[in-house]
Structure formats: structure tokens, C-alpha cells
Amino acid sequence: MFEEFFAQQRFEDDGDFLPLLSVDEEEEANPDEIYPETLPLLALKNTVLFPGIVIPITVGRDKSIKAINRAYEDHRYVAVLSQRDSEMEAPQQKDLFQVGTVARILKLLRMPDGTTTAILQGRKRFALEAMTQDDPYMEAKIQILEYEELEDNLEFEALIASILERAQQIIELSPNIPSEANMMLKNIQNSSFLLNFIASNLGAKVPVKQDLLEMDNLPEKGKALLQQMNSELQLLELKDQIENKVRVDIEKQQRDYFLNQQLKTIQEELGQNPQEEEINNMLARAKKKKWPEAVAKTFDKEINRLRRMNPQVAEFSIQLTYLELLLDLPWQDFTKDNFDLNKVKSVLDKDHFGLEKVKQRILEHLAVLKLKGDMKAPILCLVGPPGVGKTSLGRSIARAIKRKFVRMSLGGLHDESEIRGHRKTYIGALPGRIVQSLKRAGSSNPVFILDEIDKVGKDFRGDPSSALLEVLDPEQNATFYDNYLELEYDLSKVMFIATANSLSSIQPALLDRMEIIQISGYSTEEKIEIAKRHLIPQQRKEHGLKGSDIRLGKKTIQRIIEAYTRESGVRSLNRQIGAVMRHIAKKVAMEESYEVSVKPKSLRDILGPERHTKDEYTKVQVPGVSIGLAWTQTGGEILFLEASLSRGKGKLTLTGNLGDVMKESASTALSYIKANSEALGIEPERFEKFDIHLHIPEGAIPKDGPSAGIAMLTTLTSVLTETPVKPYVAMTGEITLRGKVLPVGGIKEKILAAKRAGMKEIILCHENERNVEEINPDYIKGLTFHYVDRTKEVLDLALGIQL
């Protein structure tokens with residue numbers, strides 16, 4: 001703010017000046033002082049002259065020199081106005097502000113360089129009435145302006161005190177203003193002069209200062225001045241904060257540098273070197289490390305390189321990180337397998353109910369390993385619907401055979417470097433997640449779960465599934481190469497277990513390297529056992545309940561399974577049991593009375609209305625409706641197939657979001673019926689006079705595959721012969737034009753879906769009998785299976801029509 005007052009510099013041209021202070025009150029205009037009505041006019045650039053302020057100016061323009069000389073010779077008074085545009089060299093009346101200050105010329109100096117310097121003192125404000133002449137100098141008629149009388153002296157005094165306080169704060173924050181300025185301000189007794197002095201030295205633009213000069217009301221002028229001072233103070237405070245922060249940062253850097261240099265000197269005097277100590281510690285670890293000879297040579301080479309590096313350079317820390325990784329990796333560290341096969345079997349049975357194929361394969365591997373002593377680990381791929389326990393099974397296997405467990409999620413993985421690692425030359429380079437996981441496990445033979453391998457992405461960043469080819473090939477993974485390590489790592493002892501929901505999205509070459517084990521969905525009986533053995537104890541523990549607080553009987557669990565879930569796994573069942581536990585936990589916490597044993601009828605109050613019922617699947621009484629069986633990623637489902645006739649020209653319409661294979665099955669079925677219409681008792685004219693519409697409900701869900709062939713044949717035959725399909729009968733199988741029934745997949749899931757829906761009879765291809773034999777007989781009690789080879793057998797069983 002006050003830099004203008006205290007800066008030692010020369011100001012040139014009209015208006016570049018240094019304001020001075022007249023402390024004596026009498027230096028301000030005397031009320032009785034008389035000024036001529038017409039005065040020479042002096043235009044100032046870049047500033048505003050206030051009453052009471054003394055300024056020296058260097059006069060350069062010819063008109064200005066003449067005006068100053070004429071005023072000095074006559075009465076020493078000159079009218080001073082500020083220019084609107086400082087670039088204007090020959091201003092007219094419109095180029096000047098209309099309010100200015102009458103100034104007295106205290107002294108006129110002729111400088112050695114030929115210029116003229118005038119020392120002016122502001123006396124009174126005036127308003128410009130008219131320009132009386134423009135040449136040889138400007139002259140104007142003026143009217144003197146007075147300040148308005150004060151109405152509230154107390155309020156004005158408080159305003160002046162605030163202005164003084166703010167001025168002191170600005171002086172303290174301004175490094176170019178000496179502390180004596182505070183004393184100078186305190187010595188000013190005239191309030192109007194104080195306002196003018198501070199306004200003159202304010203770091204504001206000319207229009208702002210001009211507005212302050214033109215104000216007749218002193219309190220209003222004080223408030224406007226205080227507002228400008230607040231803005232300047234905020235700017236100074238922000239500037240001070242920035243400077244302090246920069247100063248602290250620089251001081252901290254300098255301090256750290258000097259301390260580091262002192263520490264280095266002290267350590268050298270004491271014979272200590274932290275970098276050398278760290279290197280010696282790594283060398284000591286390396287001596288105890290079991291690793292291949294190639295790794296040992298690389299370590300020696302890289303640590304010698306580290307010794308030659310300056311610890312201050314960035315490469316030092318990169319090299320140090322690399323060497324620490326070499327030491328942390330379990331190159332030839334293996335855990336001892338548990339060869340007590342009976343104990344392994346008991347652990348697997350305890351952790352997971354069912355999943356016999358997987359357990360059998362693990363036991364076979366351990367048996368061979370026990371007999372042979374060395375064997376490449378199997379690479380298994382567990383394929384099944386969500387929630388059947390694929391991932392948790394891997395942890396259970398690791399616990400059973402006493403190996404370390406590592407899980408790596410591949411879902412959404414796009415970058416190949418996530419598998420192979422980044423080269424060390426890149427900033428922030430890291431080893432691949434395979435190597436990182438082995439480092440975390442601390443063993444070279446862990447159980448390694450590759451979760452969701454069917455959801456690996458592929459785009460411009462690379463193809464991670466191709467990188468996995470080397471990892472999952474037993475013939476190649478003994479020499480797996482990581483880009484960051486730049487060394488080969490033996491993965492042949494790692495037991496890789498991949499999990500997937502579907503095989504369709506897995507690359508064929510990758511699929512060929514894995515041993516596929518299909519995990520089917522659970523039956524109601526299996527879910528009941530899983531709930532009793534695992535889910536209920538787990539949820540009870542998580543909700544802080546005791547065994548005596550709640551009991552869930554078999555019928556209650558069955559009702560939850562059948563009425564509130566529709567899935568192959570047990571995730572939804574687990575959530576519903578959790579909801580029951582929360583309901584009981586609330587009763588216990590609030591000390592309310594309740595029945596400890598949860599009955600099936602009370603589930604409605606806890607879980608709400610039943611979400612799934614059997615009735616909607618079994619009430620099939622009209623011709624043209626049959627029930628097929630389908631496999632989905634979430635398990636098995638039953639499908640309604642509906643057909644209707646309408647007068648037309650024999651057109652076949654298919655709806656329900658059907659795929660090409662399914663549409664072809666419908667065309668095949670209709671062609672077979674037409675070819676055998678006489679044997680079926682269908683008049684040939686019906687095909688020409690009626691349109692057939694075949695629909696499979698839930699049209700938003702895409703459907704495809706050949707397994708609905710016999711169901712479509714039955715549906716079309718039923719509607720054309722007006723014969724209802726036998727109730728509680730479901731069927732699945734592919735058909736041919738010759739009338740053969742072919743086998744299909746997903747039999748276990750389909751049969752369990754039929755069982756859940758309350759079906760009593762299932763028609764299958766004879767070749768699918770082997771799939772039914774793999775299902776626990778207890779889970780399919782009450783179901784009658786009809787194995788067929790020909791379509792005529794299907795029509796006989798479903799419609800009672802014999803060909």
C-alpha cells in the first residue's frame with residue numbers, strides 16, 4: 001500500500017510522482033482561503049492528487065510547462081485533473097475526470113538536464129464547470145467543493161480507528177514499508193486528511209481513487225476506503241502465506257541436505273556406511289538362500305552394480321528393490337505335503353459337502369505323489385454355476401494337503417503385463433501378479449487359484465489369456481519368464497486350480513491345457529445338508545447367536561430353498577438364512593419373547609411372501625403346452641413350450657427370443673409331423689388352413705440349443721391333435737428328421753430343476769442314462785425316468801399316441 005510513499009525513485013511525465021506528507025494541519029486549505037474562479041489546468045497521468053498531499057512532478061508536455069509557469073507567476077494556484085486514459089498526449093475536456101484538486105505550487109525547479117520539476121500541494125476539491133481556453137495552455141472555470149457535515153461523530157471515529165488498525169496490519173505485512181510509518185499515521189490528527197493520505201497511497205487503480213476523491217460524505221468515503229484496504233490486506237496475507245510456505249520448503253530441503261551431509265561425515269568418521277550395511281545384510285541373506293545357479297550369478301552381478309551406484313540417484317532405489325525381490329522369492333522353498341490320505345479326505349468332506357469328482361482327483365494326485373516322490377502338479381479347471389463352492393474348495397484343498405494358498409482374480413484383466421510383469425526400464429515397473437503371489441505365499445508349491453478364468457479380457461493392451469498359456473502348460477511352466485525378473489521361474493510344482501462359470505469364452509488352446517472338472521448344481525437334499533453343516537453355524541456365529549437361541553428344522557430349510565431361492569448354488573440360500581438370523585438377533589437384543597424353533601409357517605412374517613411356487617409349473621391341462629428342460633449358467637430351469645392354431649396358410653411363427661439352432665429344431669419337428677401326419681391322425685388340410693405359433697415364455701431371456709427338440713415335437717403334435725400332454729412330465733433331447741432322439745448335456749442340472757419344480761416323470765435319450773447314474777439316488781427319489789431312442793416313444797409316453 002505505502003510503497004509509493006517510501007520508494008526512492010524518480011517519476012517522470014505529468015502524473016508519475018511521489019506523494020509526500022504534510023503533517024501540519026495548517027498545510028491543508030484554510031476555510032477562508034480564496035481561489036480564483038479561473039485557473040490554469042494541469043492534466044495528470046496515472047494518479048489522483050488529494051487535498052493535503054504534497055507531490056513533486058516532472059513536467060514534460062509543452063502546454064503543461066506553460067500552465068505551470070503562468071500559475072507560478074500569477075498566484076501559484078493550478079487546477080489539477082486526472083486523465084481517463086493515461087496514453088492520451090493531448091487530452092481534451094472529455095478525456096478528463098470532472099472533479100479534481102486545486103494545488104498550490106510550493107516550488108518550481110529547473111533541473112540540470114533542462115526539465116522542470118514542480119512541487120505541488122493539494123488544497124481544495126473542485127468541480128470543472130467549463131474550459132475557458134485550450135491554447136497555449138488549458139484554462140478552466142471551477143467551483144470549489146466542500147465535505148458534508150458529520151451527523152454521528154462517534155460512528156465516524158470508530159470508522160477512523162478501524163482504518164488505522166487495518167493500515168497498521170498492511171504496514172506489518174509489507175516488507176518495503178518501514179515500521180516508522182505507524183508512528184507517522186498516529187501523528188495525523190485531521191480525519192479528512194488521514195483519509196486522503198491513505199487513499200493517495202492506496203495500491204488501487206486511478207478510477208477507484210477518483211471515486212474516493214469525488215465522495216462528499218466522509219463516512220461513505222471511509223467505508224469505501226476500508227473495503228479497498230480489506231481487499232489489499234487479503235492479497236498481502238495470501239502472498240505472505242505463499243512466501244512462508246516456499247521459504248519453509250526451501251529451508252527444509254537445505255536442512256535435510258546439510259543433515260545428510262553431516263550424517264555422512266559422522267558415519268565415515270565412525271567407519272559406518274548405511275548403504276554398505278544394507279548390501280552386507282543382503283549378501284548374508286543370499287548365502288542362506290536356496291536358489292538356482294543362474295539366479296545366484298544374476299544376484300552377484302546386480303549387487304556389484306549397486307555398490308558402484310551413487311545412493312542419491314533414482315536408479316539406486318530401483319536396483320535395491322529388484323535385489324530385494326530376488327531375495328524374497330521362494331526359489332526352491334517348498335512346503336511338505338500331507339500324505340495321510342484319509343485325513344485329507346476327512347478335511348475335504350468336512351469343508352464341502354458333495355463335489356466328489358474334485359475330491360477324488362486331488363486324492364489320486366496325492367497318492368501318485370506319495371508313491372513316486374515327484375510329479376508335476378495337475379492343472380485343474382472347475383466349471384460350474386455360481387455359488388457351488390469352486391473358489392472356497394481351493395482353500396480347503398490347500399488346508400487339507402498343508403500347502404500355502406494363493407488366489408488371483410482374473411475377472412476383467414486386460415493387460416498382459418499383469419501376468420508377465422513390466423520391464424525394469426519403465427518407471428514404476430513391477431513383477432507380474434504370478435511372481436508377486438508366490439512372493440506373498442513364501443512357497444514355490446502353493447495351491448494357486450486362478451479365479452474367473454472365463455472372464456479374462458482382450459483388447460489393444462494385450463491378450464492375458466495367451467500369456468496364461470505358458471503358465472498353465474505343464475511342459476513349459478518349469479521355465480516361466482517374467483519380464484521384470486528377467487529370469488526363469490519354475491512353476492511346475494504349483495497346483496493351479498482355475499474356476500469358470502462357462503467354457504464357451506475360454507480360448508481353445510488354453511482350455512486344452514487344463515483338466516476340466518464339471519461341478520453341477522446342488523439338489524434340494526444337498527442344500528439342506530450344506531445349510532445344516534456349514535451355513536447355519538456360520539451365520540449364527542456372525543450374528544452373535546448361540547445354539548440355544550435358534551433352531552432351524554429340515555422342513556423349514558426346505559421351505560426356504562423351495563419358496564425363497566431359485567439357484568444351483570447356495571449364495572441366495574445363505575442370504576435368506578442370514579435374514580432369519582437377523583430377525584432372531586433383534587428379538588434377543590430387545591429381550592422380546594419368541595419361538596426358538598422357526599417353523600415353516602412363520603417364514604412369511606420373516607422373509608415376506610413366497611417368491612417361487614410349484615403350482616405355476618405343474619398346472620398344464622390344455623393341448624399345445626409341454627414342459628422342456630434347459631441348462632443355464634445358474635443351473636437348470638424348466639421351460640414352458642406353448643403352441644396355438646389360427647386360420648391362415650400354414651405359416652410357422654416362432655417367438656420367445658430363440659436362437660438359430662432352436663428355430664431349426666422347431667422346423668425339424670414340424671417336418672417330421674407332416675411326414676407322419678397320417679399315422680398321427682392329422683388331416684393334411686390342417687397344415688394348409690391353419691397357421692401355427694410356437695412360443696417359449698420369458699422372451700427377454702435368449703434361448704438356444706437343440707435340447708428342446710422332443711418338447712417342441714410334443715407341443716406341436718399336441719396342438720395339432722388337440723391332445724393334452726400328460727401332467728407332471730418334463731423332457732429333453734434332440735430330434736432328427738428320421739425320428740431318432742439324440743443325447744444332450746447338462747442332465748444333472750436339468751433333472752434337479754425338474755425335481756425342484758415338482759415333476760414326476762422325465763423323458764430322456766437312452767444314452768443319457770449314464771449321466772443319471774452319476775446322481776445320488778437319494779436326490780431323485782420320486783422321479784420316474786423314461787429312456788427313449790425314437791420320437792414315437794416320446795409321443796406314446798407324453799400324449800398316448802402310438803405310431
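The values are calculated or read from the model by the stated rules, or taken from the named source; none is laboratory data. Please read these numbers as outputs of a predicted model, since none were measured by experiment. A quick note on method: Cβ atoms are made from the backbone with ideal geometry, for glycine too, and the neighbour counts reach across all protein chains shown. Surface accessibility is based on the protein's heavy atoms, side chains included, excluding ligands, DNA and RNA. Shrake-Rupley method; radii C 1.70, N 1.55, O 1.52, S 1.80 Å.
Using the Karplus equation 6.51 cos²θ - 1.76 cosθ + 1.60 (θ = phi - 60°), what ³J(HN,Hα) coupling, rounded to whole Hz, does each residue of region 689-705 give in order, writing x for Gly and Pro?
Whole-Hz 3J(HN,Hα) from phi for region 689-705: 9, 10, 8, 10, 10, 10, 10, 10, x, 6, x, 6, 9, x, 9, 7, x.
Ignoring ligands, DNA and RNA, what percent of the accessible area of region 149-254 is carbon or sulfur (1.4 Å)?
Of all accessible area on region 149-254, carbon and sulfur atoms account for 50 percent.
Taking every pair of alpha-carbon atoms in region 40-81, give the share separated by more than 17 Å as a whole percent. Before the final figure, lay out the partial values.
Values: 231 of 861 pairs.
Every Cα pair in region 40-81 considered, those over 17 Å come to 27 percent.
Per the Debye formula with a single identical scatterer at each Cα and no solvent contribution, what log10 I(q)/I(0) holds for region 296-419 at q = 0.12, 0.16, 0.19, 0.20 Å⁻¹?
-0.68, -0.91, -1.08, -1.15
Taking amide H atoms as placed 1.01 Å from N in the peptide plane, list the residues 5 or more away in sequence, or in a different chain, whose amide H sits under 5 Å from that of residue 132.
139, 140, 141
Around residue 127, what is the net charge, scoring Lys/Arg as +1 and Asp/Glu as -1 over all other residues with Cβ under 14 Å from its Cβ? All intermediate terms of the calculation are to be shown ahead of the outcome.
Values: positive: 124, 125, 141; negative: 37, 129, 146, 214, 216.
Charge balance in the 14 Å sphere: -2.
Kindly express, to the nearest 10 degrees and within the range 0 to 90, the angle between helix 709-721's C-alpha long axis and the longest C-alpha principal axis of the chain.
With rounding to tens, the tilt is 70 degrees.
Counting residues in region 271-326 as N, plug N into 2.2 N^0.38 Å and put the Cα Rg over that result.
Numbers: Rg = 11.3 Å, N = 56, 2.2 N^0.38 = 10.2 Å.
For region 271-326, the normalised Cα radius of gyration is 1.11.
Collect residues whose amide H, placed 1.01 Å from N in the peptide plane, falls under 5 Å from the amide H of residue 629; neighbours closer than 5 in sequence don't count.
Amide H neighbours of residue 629: 639, 731.
Please report, to one decimal in angstroms, the Kirkwood hydrodynamic radius of region 377-529 built from all distinct Cα-Cα pairs.
Details: mean 1/r = 0.0623 Å⁻¹.
The answer is 16.0 Å.
Kindly state, as a whole number, the per residue volume in cubic angstrom of the convex hull around the alpha carbon atoms of region 578-724.
Values: hull volume 20.6 nm³, N = 147.
It comes to 140 Å³ per residue, whole-number rounded.
Taking the Cα centre of each part, how many Å lie between region 192-255 and region 40-62?
Region 192-255 and region 40-62 have Cα centres spaced 23 Å from each other.
With +1 on each Lys and Arg Cβ and -1 on each Asp and Glu Cβ, and nothing else charged, work out how big the dipole of region 110-178 is about its Cα centre, in Debye to the nearest 20.
Working: 6 positive and 14 negative charges, 98 e Å.
Dipole about the Cα centre, nearest 20: 460 debye.
Going from most exposed to least, what order do 216, 704 have by accessible area with a 1.4 Å probe? Each step should come with its number before you reach the end.
Working: 216 55, 704 95 Å².
The residues order as 704, 216, largest area first.
Take the alpha-carbon centre of region 765-787, take the same for region 702-744, and report the distance between them in whole Å.
19 Å
Find the centroid of the Cα atoms in region 117-151 and in region 562-588, then give the distance between the two in whole Å.
Spelled out, the Cα-based centre of one part sits 93 Å from the other.
Give, as a single signed number, the net charge of other residues whose beta carbon lies under 11 Å from the beta carbon of residue 600, with Lys and Arg counted +1 and Asp and Glu -1. If you can, show how the numbers build up before the last one.
On the way: positive: 554, 555, 559, 599, 601, 604; negative: 562, 610.
With Lys, Arg at +1 and Asp, Glu at -1, the neighbours total +4.
Put 371, 363, 120 in order of accessible area, largest first, 1.4 Å probe: what do you get? Before the final figure, lay out each step's value.
Details: 371 155, 363 25, 120 0 Å².
Order by accessible area, largest first: 371, 363, 120.
What net charge is computed for the residues neighbouring residue 721, neighbours being all others with C-beta under 15 Å from the C-beta of residue 721, Lys and Arg scored +1, Asp and Glu -1? Let's see the in-between values first.
Working: positive: 674, 686, 726, 792; negative: 678, 683, 685, 722, 796.
So the environment of residue 721 carries a net charge of -1.
Among 63, 424, what's the order by accessible area (1.4 angstrom probe), most exposed first?
Details: 63 70, 424 40 Å².
Largest accessible area first, the residues go 63, 424.
No solvent, one uniform scatterer per C-alpha: report log10 I(q)/I(0) for region 423-470 via the Debye equation at q = 0.22, 0.26 1/Å, two decimals.
-1.04, -1.14
Counting only residues 5 or more places away or on other chains, whose amide H sits under 5 Å from the amide H of residue 53 once H atoms are built in the peptide plane?
Hits under the 5 Å cutoff: 122.
Hey, any idea what the orientation-averaged projected area of the convex hull of region 451-565's Cα atoms comes to, in nm²?
For region 451-565, the mean projected area of the Cα convex hull comes to 11.8 nm².
For region 314-331, just list the computed ³J(HN,Hα) in residue order, Karplus coefficients 6.51, -1.76 and 1.60, θ = phi - 60°, integers in Hz, with x standing in for Gly and Pro.
Whole-Hz 3J(HN,Hα) from phi for region 314-331: 5, 5, 4, 5, 5, 5, 5, 4, 4, 5, 5, 5, 4, 6, 7, 6, x, 3.
For the pair residue 391 and residue 538, what calculated FRET efficiency results from E = 1/(1 + (r/R0)^6), where r is the Cβ-Cβ distance and R0 = 25 Å, to the nearest 0.05?
Numbers: r = 16 Å, r/R0 = 0.63.
Calculated transfer efficiency: 0.95.
Show me, for region 204-221, the HN-Hα J-couplings you get by feeding each phi into the Karplus relation (A = 6.51, B = -1.76, C = 1.60, θ = phi - 60°), rounded to Hz, glycine and proline as x.
Calculated HN-Hα couplings, in order: 10, 7, 4, x, 5, 5, 4, 4, 5, 4, 6, 6, 8, 8, 5, x, 5, 5 Hz.
Could you compute how much accessible surface residue 150 exposes when probed at 1.4 Å, giving the result in Å² to the nearest 10?
Approximately 60 Å² of residue 150 is accessible to the 1.4 Å probe.
Could you report the chain's accessible area per residue, 1.4 Å probe, as an integer in Å²? Provide the component values of the computation, followed by the final result.
Working: 40490 Å² over 803 residues.
Per-residue accessible area for the chain comes out at 50 Å².
Hey, rough spin-label estimate for residue 230 and residue 98, points 7 angstrom out along Cα→Cβ, what's it come to in nanometres?
It is 3.0 nm.
Full extension from residue 593 to residue 257: what is 0.36 nm times the residue separation minus their Cα-Cα distance, to one decimal in nm?
113.8 nm
For residue 644 and residue 678, what is the calculated FRET efficiency with R₀ set at 22 Å and r taken between the beta-carbons, to the nearest 0.05?
On the way: r = 23 Å, r/R0 = 1.06.
Computed FRET efficiency for residue 644 and residue 678: 0.40.
Order the peptides 587-595, 694-702, 205-213 from the highest to the lowest mean number of other Cβ atoms within 10 Å of their residues. Can you show the working numbers first?
On the way: 587-595: 10.3, 694-702: 14.4, 205-213: 17.2.
Taking the mean over residues of other Cβ atoms within 10 Å, the ranking is 205-213, 694-702, 587-595.
Quick check on region 94-225: take the gyration tensor over C-alpha atoms, sort the square-rooted eigenvalues as a ≥ b ≥ c, and tell me if it's rounded (a/c under 1.5), prolate or oblate. Provide the component values of the computation, followed by the final result.
Working: a/c = 2.30, a/b = 1.35, b/c = 1.71.
Because a/c hits 1.5 or more and a/b fails to exceed b/c, region 94-225 counts as oblate.
Given N residues in region 424-508, what is its alpha carbon radius of gyration divided by 2.2 N^0.38 Å? Kindly include the intermediate steps, with their values, before the conclusion.
Values: Rg = 13.5 Å, N = 85, 2.2 N^0.38 = 11.9 Å.
Rg over 2.2 N^0.38 Å, computed on Cα atoms: 1.13.
Helix-only mean residue ellipticity at 222 nm, the chain, DSSP H runs n ≥ 4 weighted -39,500 (n - 2.57), per residue, nearest 500. What is it? List each step's numbers first, then the result.
On the way: 30 runs with 342 residues, N = 803.
Only helices count here, giving -13000 deg cm²/dmol.
Using unit Cβ charges (K, R positive; D, E negative) and no other charged atoms, how large, in debye to the nearest 20, is the dipole of the chain about its Cα centre? Walk me through the numbers before you get to the answer.
Details: 108 positive and 120 negative charges, 1446 e Å.
That gives the chain a dipole magnitude of about 6940 debye.
Starting from the Cα-Cα distance between residue 173 and residue 426, subtract it from 0.36 nm times their residue separation and give me the gain in nm to one decimal. Walk me through the numbers on the way to the answer.
Working: separation 253, 0.36 × 253 = 91.08 nm, distance 4.76 nm.
Between residue 173 and residue 426, full extension yields 86.3 nm more.
How much accessible surface area, in Å² rounded to 10, belongs to the heavy atoms of residue 111 with a 1.4 Å probe?
For residue 111, the solvent-accessible surface is approximately 50 Å².
Work out, step by step, the length gained on full extension between residue 688 and residue 214: first 0.36 nm times the residue separation, then minus their alpha carbon distance; give nm to one decimal.
Numbers: separation 474, 0.36 × 474 = 170.64 nm, distance 10.37 nm.
That works out to 160.3 nm of additional length.
If r is the Cβ-Cβ distance from residue 162 to residue 129 and R0 is 41 Å, what FRET efficiency results, to the nearest 0.05?
Numbers: r = 36 Å, r/R0 = 0.89.
Result of the calculation: an efficiency of 0.65.
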